[in-house]
1. Within 22 Å of G407 (Cα to Cα) and either among the basic types (K, R) or not in a helix (DSSP H, G or I) (or both), is that true of R111?
2. Identify all residues within segment 355-367 that are out of contact with any Leu (no Cβ under 6 Å at 6 or more places or on another chain) and either in a helix (DSSP H, G or I) or surrounded by fewer than 18 Cβ atoms within 10 Å (Cβ to Cβ) (or both); write none if there are none.
3. If you go through segment 18-32, how many residues are open to solvent by 30 Å² or more (accessible area, probe 1.4 Å) and in contact with a helix residue (DSSP H, G or I) (Cβ under 6 Å, 6 or more places away or on another chain)?
4. Just wondering, is there one or more residues in segment 174-183 that are touching a Phe, Trp or Tyr at 6+ places or on another chain (Cβ under 7 Å) and not basic (K, R)?
5. Being at pLDDT 95 or above and within 16 Å of the ligand (Cβ to nearest atom) narrows it down to one of V160, V174, V184, so name that one.
6. Based on this model, can you work out whether G407 counts as crowded, with 17+ Cβ neighbours inside 10 Å, of a type outside the set (A, V, I, L, M), at pLDDT below 95 and in a loop (DSSP other than H, G, I, E, B)?
7. Could you grab the pairs with beta carbons closer than 6 Å, sequence gap of 6+ or different chains, first residue in segment 13-32 and within 15 Å of I58 (Cβ to Cβ) and of a type in the set (V, I, T), second one assigned to a helix (DSSP H, G or I) and near the ligand (Cβ under 10 Å from one of its atoms)?
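The values are calculated or read from the model by the stated rules, or taken from the named source; none is laboratory data. Quick caveat: nothing in here was measured; it's all calculated off a predicted structure. So basically every Cβ, Gly included, is an ideal-geometry build from the backbone, and we count neighbours across all protein chains shown. Surface accessibility is based on the protein's heavy atoms, side chains included, excluding ligands, DNA and RNA. Shrake-Rupley method; radii C 1.70, N 1.55, O 1.52, S 1.80 Å.
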Amino acid sequence: MAQRETWATRTGFILAAVGSAVGLGNIWRFPFVTGEGGGAAFLLVYLLFVALIGFPAILAEFVVGRRTDRNPVGALKAYGGGAWKYVGGIFIATGFIILSYYSVIGGWFIRYAIEGFRGDYASHIAAYEGDPEIMFGALSTGLDAFILHTVFMAITVGIVALGIRQGIELAVKVMVPAIILLLVGLAIWAFTLPESGGGYEYYLSPDFSVIAANWAELLPAAAGQAFFTLSLGMGVMITYASYLGEDRNLTRDGITIIGFDTGIAFLTGLVVFPIMWAGALTEPGSGGPGEIFVAMTQAFADVSGGQFLGLIFFATVAIAAISSAISLLEVVTSYAIDEIGIERWKAAIGMGGVIYLLGVPVTYDLIFLDLLDYFADAILLVFGALMLTILVGWIAPQAAVDELEKGIGNLGTLGQVWIWALRIPIVIVLIISLYLGVVEYVDFLTGDFAGWLDENL
Ligand code: TRP
């Protein structure tokens, strides 16, 4: 058997994990969840969740991956024993599902960046009856969306096919610094815009009354966001850690990765809100996949320099989406390499091809986006995180502590604190989140989705 690949450098591993973590979740979801959740007050709750749940959970994935040197299916089987391979199978399936629609959304960002090349956003909007929502409707489904879904997937497959060092590591060494530089540049630009103060105020002024009134919804939302943004719950961090040598301090790597992810999410808010306030918008709407496109396109049409600003903004998000998509495809590809025994490039193309086909219905009607996204986000990822927590916290805690201590030294009671955090509080939060997720999904299936089927069949 060929030697298993490894990262060339520690930085390569960290950048790949940061590249996975930083994606549509940070740039689209985070600022808006924060704005709606009471600004700085929500930010505090979210940071607490990231530190108290995200950090122990990312370490759990790291130790399982580095100890077993396997893809999630092989890793869970080796770590937990026989039946755990089925849980690993669910992880692979989750990768299929998330990447299928993630690619379509990533394609929209490429498309909106191209619009910036082709002319200013005001004239684009004018071509769609002056309504950015009609523009989004036209570009988000149909032939345009299909073509850009194809482009996005082809780039992702290309990078993964080239392998860990020549593909993923090289790509993220360019992409992650580019994302940070571009966002810092955009944030500075946004600061100089008129009315930016209103945007900062909406984003950052703490309003504890919102939390007091809505905590039952905000807490699971903050937990879900913490998992999604750190790419937890389906084995991305297991897979990436499986390419590590034994000598690394995983705790320090975890802190670095979480720090970058959170910093970049925060930075994005400093870009999005001042720009929106400089445009005519002063109140983000109800959300939905099109909102960032509608709101930002309108803003870019209104502000001076908006064409260039918009081009950079949409391109930055597209890059961030690609660096996340490669982690999703790598999970599935590593499974095919390890367990089926096919070559990397064949695995990447074959698996990428199937995922691509799964995403095509989304380009036909956005109801399929909700169908896949709710299921993956609210159910599969939370379920996966719960299983990992049980595995590491209850089934094989000693192996986990031993593995974490490699490269660090004796952890003493800290190791026990980690295990007990996983065992009780995190398991409880995950069970509650899973319950709420299932309720929400059933609601969607019997409501919106049933309605859509009635109308269309
Ligand atoms: N973390 C990415 C984001 O914020 C999305 C992502 C990539 C992801 N890989 C994942 C989410 C694995 C959950 C699981 O957009």
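1. Working: within 22 Å of G407 (Cα to Cα): no; either among the basic types (K, R) or not in a helix (DSSP H, G or I) (or both): yes.
The answer is no for R111.
2. If the condition is that a residue be out of contact with any Leu (no Cβ under 6 Å at 6 or more places or on another chain) and either in a helix (DSSP H, G or I) or surrounded by fewer than 18 Cβ atoms within 10 Å (Cβ to Cβ) (or both), then Y356, L357, L358, G359, V360, P361, T363, Y364, D365, I367 are the ones that fit.
3. Residues of segment 18-32 that are open to solvent by 30 Å² or more (accessible area, probe 1.4 Å), as a first pass: 28-29.
Within this subset, residues satisfying the condition of being in contact with a helix residue (DSSP H, G or I) (Cβ under 6 Å, 6 or more places away or on another chain) are 28.
Residues meeting the conditions: 1.
4. Start the filter on segment 174-183 by keeping residues that are touching a Phe, Trp or Tyr at 6+ places or on another chain (Cβ under 7 Å), which leaves none.
No: zero hits.
5. Working: V174 fails: within 16 Å of the ligand (Cβ to nearest atom); V184 fails: within 16 Å of the ligand (Cβ to nearest atom).
Step by step, each of V160, V174, V184 is checked, and only V160 is at pLDDT 95 or above and within 16 Å of the ligand (Cβ to nearest atom).
6. On the way: crowded, with 17+ Cβ neighbours inside 10 Å: yes; of a type outside the set (A, V, I, L, M): yes; at pLDDT below 95: yes; in a loop (DSSP other than H, G, I, E, B): yes.
In short, yes.
7. Once the first residue is within 15 Å of I58 (Cβ to Cβ) and of a type in the set (V, I, T) and sits in segment 13-32, its partners that are assigned to a helix (DSSP H, G or I) and near the ligand (Cβ under 10 Å from one of its atoms) give V22/D261; V22/I264; V22/A320.
Yes/no matrix, rows are residues, columns are (1) assigned to a helix (DSSP H, G or I); (2) within 16 Å of the ligand (Cβ to nearest atom); (3) buried (at least 17 other Cβ atoms within 10 Å of the Cβ):
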position: A321; (1), (2), (3): yes, yes, yes
position: D338; (1), (2), (3): yes, no, yes
position: I342; (1), (2), (3): no, no, no
position: A347; (1), (2), (3): yes, no, yes
position: G353; (1), (2), (3): yes, no, no
position: L369; (1), (2), (3): yes, yes, yes
